[in-house]
Amino acid sequence: MNQGDRVKKILKRNGFTQQDLADHMGKTRTHITRQLLENDLKTDLKEEIAKLLKMSVKQLEKELQEDTVSIEVVETLRAQLAEKERVIQSQQEELKAWKIVVEELRGKK
């Protein structure tokens, strides 16, 4: 995920859209979209985003970094959850097999 995608999420989380940012800057939405597609956001764009969000550029950069960390943490947790679900599925299948064995042994008594 690039910085532009993270900016979009931060804007949305704060109740703003790309159109709001474009209006704030006196630019078109298309212009903003193109700028957000770049790998590294220009300083003047960061300054305008920070103004719109009523925060410092440092705070915006911190939020951009935190958002990156949050995404990485979520992806790691999803992978761990998927692995645990596979283990549980395997254990449930093994439990079913043992139940069958127990029932067969009870039937032989």
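Filter region 1-23 down to residues that are charged (D, E, K, R) and in contact (Cβ under 8 Å) with a residue 40 or more places away in the chain and give me whichever is farthest from LEU37 (Cα to Cα). Walk me through it before giving the result.
First, pick out the residues of region 1-23 that are charged (D, E, K, R): 5-6, 8-9, 12-13, 20, 23.
Now narrow it down to the ones that are in contact (Cβ under 8 Å) with a residue 40 or more places away in the chain: 6, 9.
Values: ARG6: 11, LYS9: 14 Å.
The selected residue is LYS9.
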*When LEU105 is evaluated against the numbered criteria (1) aliphatic (A, V, I, L, M); (2) modelled with pLDDT of 95 or more; (3) surrounded by fewer than 10 Cβ atoms within 10 Å (Cβ to Cβ), which criterion, by number, is the only one it fails?*
(2)
*Is region 20-32 home to any residue that is within 22 Å of the chain's Cα centre (by Cα) and among the polar types (S, T, N, Q)?*
no
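The values are calculated or read from the model by the stated rules, or taken from the named source; none is laboratory data. What you see is a predicted model; the values in this text were computed from it and never measured. Virtual Cβ from ideal backbone geometry, glycine too; neighbours counted across all protein chains shown.
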